[in-house]
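Structure, as structure tokens:
The values are calculated or read from the model by the stated rules, or taken from the named source; none is laboratory data. Keep in mind it's a predicted model, so treat the numbers as computed, not measured. We place every Cβ from the backbone using ideal geometry, glycine too, and count neighbours over all the protein chains shown.
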Amino acid sequence: MQKTINDNYGHTMGDRILKYLVSCIKSETRHTDPLFRMGGDEFLLVLRNCDLEKANEIISRIRDKFRNFQDFKPDFSYGMSYFSENIYDTIRKVDSLMYQMKNEKKQIS
């Protein structure tokens, strides 16, 4: 998402959209749910003590809000998983699921 926005509208707009995404996330999560920027336009949100059904509801609300950013109608891909044996394995799993979702979106468009 961000590369396309940056290429077509400039880095200032790309930054505004990322800031809007963060505000959407923060408005739908608890202050105790840490949010980390992993790099570029990739973030890691940790929803503690939250089952996957509830996490899906939260992500759906975030996506609905985020898609209302001006005329851009941005979207994002994500991966979701319970914490596994260690943080590295968990991040690899959700990263893989996120790229799977990205690839599925490319095939549809």
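Would it be correct to say that Lys105 is closer than 22 Å to Thr4 by Cα and exposed (fewer than 13 other Cβ atoms within 10 Å of the Cβ)? When the stated conditions are applied, Lys105 passes them. All conditions in (1) assigned to a helix (DSSP H, G or I); (2) closer than 25 Å to Gly14 by Cβ; (3) modelled with pLDDT under 95; (4) not polar (S, T, N, Q) hold for Ile58, with the sole exception of (3).
Within the stretch 41-55, being of a type outside the set (A, V, I, L, M, F, W, C) and surrounded by 13 or more Cβ atoms within 10 Å (Cβ to Cβ) holds for Asp41, Glu42.
The set of residues in the stretch 16-54 being in contact (Cβ under 8 Å) with a residue 40 or more places away in the chain, in a helix (DSSP H, G or I) and in contact with a strand residue (DSSP E or B) (Cβ under 9 Å, 6 or more places away or on another chain) consists of Leu21 alone.
So, of the residues in the stretch 79-109 that are of a type outside the set (S, T, N, Q) and assigned to a loop (DSSP other than H, G, I, E, B), which turns out to be farthest from Val46 (Cα to Cα)?
Step one: list which residues in the stretch 79-109 are of a type outside the set (S, T, N, Q), which gives 79-80, 82-83, 85, 87-89, 91-95, 97-99, 101-102, 104-106, 108.
Now restrict to residues that are assigned to a loop (DSSP other than H, G, I, E, B): 79-80, 82-83, 85.
On the way: Gly79: 12, Met80: 10, Tyr82: 10, Phe83: 9, Glu85: 15 Å.
Here the answer is Glu85.
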